[in-house]
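Take a look at the structure set out below.
The values are calculated or read from the model by the stated rules, or taken from the named source; none is laboratory data. On a predicted model such as this, the values are computed, not experimentally measured, just so you know. Cβ: placed from backbone, ideal geometry, glycine included. Neighbour counts: every protein chain shown. Quick note on the areas: whole protein, heavy atoms, side chains included, nothing else; ligands and nucleic acids left out. Shrake-Rupley method; radii C 1.70, N 1.55, O 1.52, S 1.80 Å.
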Amino acid sequence: MGKATETVLEIDLGALEHNYHFLQSKLGSETKFLAVVKAFAYGSDAARIALKMQALGVDYFAVAYSKEGIALRKAGITKPILVLHPLPLHFGELIEHCLEPSIYSKKVLRQFLETAEKHGQTKYPVHLKFNTGLNRLGFWARDVDYIEEALRNRKAIKITSIFSHLAASEDLNEEDFTSVQIRTFEKISKTITTRLGYRPFRHLLNTSGILNYPEAQYNMVRSGIGLYGYGNHPEIDKQLKAVATLKTVISQIHKIEPGETVGYNRAFSSKEQRTTATLPIGHADGIGRQYGNGNTFVTVHGKKAFIIGNVCMDMIMIDVSHIDCKEGDEVIVFGDSPSAEIFAATANTISYELLTGISQRVTRVFIVD
Ligand SMILES: *Cc1c(COP(=O)(O)O)cnc(C)c1O
């Protein structure tokens, strides 16, 4: 890829393929793979990522909301798409676009059944989400009686899979808690199979689940962050490749004399002379104010340059006193170095938040092969 001449998020589809194969190598050959492409494929580009994953032979996709699934259908995605958090308001269009809802409560089950019947559906594929300890979305184990009754003599839907979500799969201090979640899921699946008289397929693991609890892979796994190059562990991160690299350029260089200040509220000042570079990227692009005032660095010609003063809406200033650089030179905000994980950690957040926060103002460019 050429040097950046504006702020771009460079998306490396070869890195995506590498990460997919790495994650697959941790799984049995029968285990299906669901690619999580919610939130613009973690801030990259859902359509391009999903088309690449579809070409690579992935089995399933997941998004959070119906709207995201509809966009994928319009982009040519024909594989099944699980909608993790569909809102009843959108059930009609969800069905029209052959999206598969996660059904997580009695109320949602009743509402979806009604819409599916209204649309004349038979055996419409749905996925039952059970709560095993995250306490976010999901039926309780005790709801199985209700589910059985609600579905009796109703032909409109078919339970394609049952699933749950781990609360702390990346944290090995929580191994006991996770084991309880796995055992609870086992119990629920036994009851469901007995009650329904057929066996829906099962899935539980996200990326860190694949890496830490492969024994619980069941019939499918759901990976997001790993596909994009992050594994919630430094050793894993070494083996994955960053899909997204945020690049920008130096717009202007200033010599700052001792006693002068830089940026809004005069937040940066120095006793020594400094050289600063102003970059065309700010909090409106997803680089929040928490990254300012010396917390976080970017790299210029491979060298660290700290963000100084307050982050502005459209600009940040960095200290390049020690770096030989000029206006028009490229700056790596995150990618290989610093990684999105390290960049995010400087402000006590995680790669997920940083990546999904890169705003739609930033041009996406793609590296194909
Ligand atoms: C977002 C999400 C995932 C993906 O998690 P990663 O840690 O990014 O792999 C899997 N399952 C559910 C239910 C999710 O909401």
- Task: State the three equivalent ellipsoid semi-axes of the range 13-121, derived from the C-alpha gyration tensor as the square roots of 5 times its eigenvalues, in descending order and whole Å.
- Result: 28, 15, 12
- Task: Provide Glu10, Glu93 ordered by accessible surface of protein heavy atoms (probe 1.4 Å), highest first.
- Result: Glu93, Glu10
- Item | Solvent-accessible area, 1.4 Å probe, carbon plus sulfur percent, for the chain | 50
- Note on the structure: For the pair Phe201 and Asp171, the simple spin-label estimate (label points 7 Å beyond Cα toward Cβ) gives in nm 3.1
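Expressed in nm to one decimal, what extension gain is obtained for the pair Gln290 and Glu327 from 0.36 nm per residue of sequence separation less their Cα-Cα distance?
Working: separation 37, 0.36 × 37 = 13.32 nm, distance 2.57 nm.
Contour length minus Cα-Cα distance gives 10.8 nm.
So how much slack lies between Asp336 and Asn153, counting 0.36 nm per residue of separation and subtracting their Cα-Cα distance, in nm?
On the way: separation 183, 0.36 × 183 = 65.88 nm, distance 5.57 nm.
Taking Asp336 through Asn153 to full extension adds about 60.3 nm, to one decimal.
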- Query: When the Cα centres of the range 41-65 and the range 218-254 are compared, how far apart do they sit, in Å?
  - Reply: 15
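R0 = 35 Å: FRET efficiency of Thr193 with Arg136, Cβ-based, nearest 0.05?
Details: r = 25 Å, r/R0 = 0.70.
Efficiency for this residue pair is about 0.90.
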- Task: Using DSSP to define loop residues, name the chymotrypsin sites (Phe, Trp or Tyr not before Pro) in the range 196-255 whose beta-carbon has at most 16 other beta-carbon atoms within 10 Å.
- Result: Tyr198
- Query: With every protein chain present, what is the per residue accessible area of the range 244-367 (1.4 Å probe, Å²)?
  - Reply: 46
- Item | Cα-based Rg / Dmax (Å) for the range 244-367 | 13.7, 45
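Leaving out ligands and nucleic acids, and using a 1.4 Å probe, what accessible area per residue does the range 11-131 come to in Å²?
Numbers: 4920 Å² over 121 residues.
With all protein chains present, the range 11-131 gives 41 Å² per residue.
Antiparallel DSSP bridges in the range 31-228: what percent, to the nearest 5? Present the calculation step by step, with values, prior to reporting the outcome.
Details: 0 of 25 bridges.
That works out to approximately 0 percent antiparallel.
Using the C-alpha atoms of the range 143-252, what convex hull volume per residue, in cubic angstrom, is computed?
Numbers: hull volume 18.8 nm³, N = 110.
Here the figure is 171 Å³ per residue.
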- For the chain, inverting the pair-averaged 1/r of distinct alpha-carbon atoms gives a Kirkwood value in Å of 22.4
- Counting Lys and Arg as +1 and Asp and Glu as -1 over every other residue whose Cβ sits under 11 Å from the Cβ of Ser105, the net charge comes to +3
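When the gyration tensor of the range 31-228 is built from Cα positions, what are the square roots of 5 times its three eigenvalues, in whole Å, from largest to smallest? Numbers along the way, then the final one.
On the way: eigenvalues 117, 112, 35 Å².
So the three semi-axes of the range 31-228 are 24, 24, 13 Å.
If you average the sequence gap of Cα pairs under 8 Å that are 6 or more apart and divide by the length of the chain, what percent do you get for the contact order? If you can, show how the numbers build up before the last one.
Values: 776 pairs, mean separation 72.6, N = 369.
Relative contact order of the chain: 20 percent.
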- Query: If one takes the longest principal axis of the Cα atoms in the chain, at what angle in degrees, from 0 to 90 and to the nearest 10, does the Cα axis of helix 106-118 lie?
  - Reply: 70
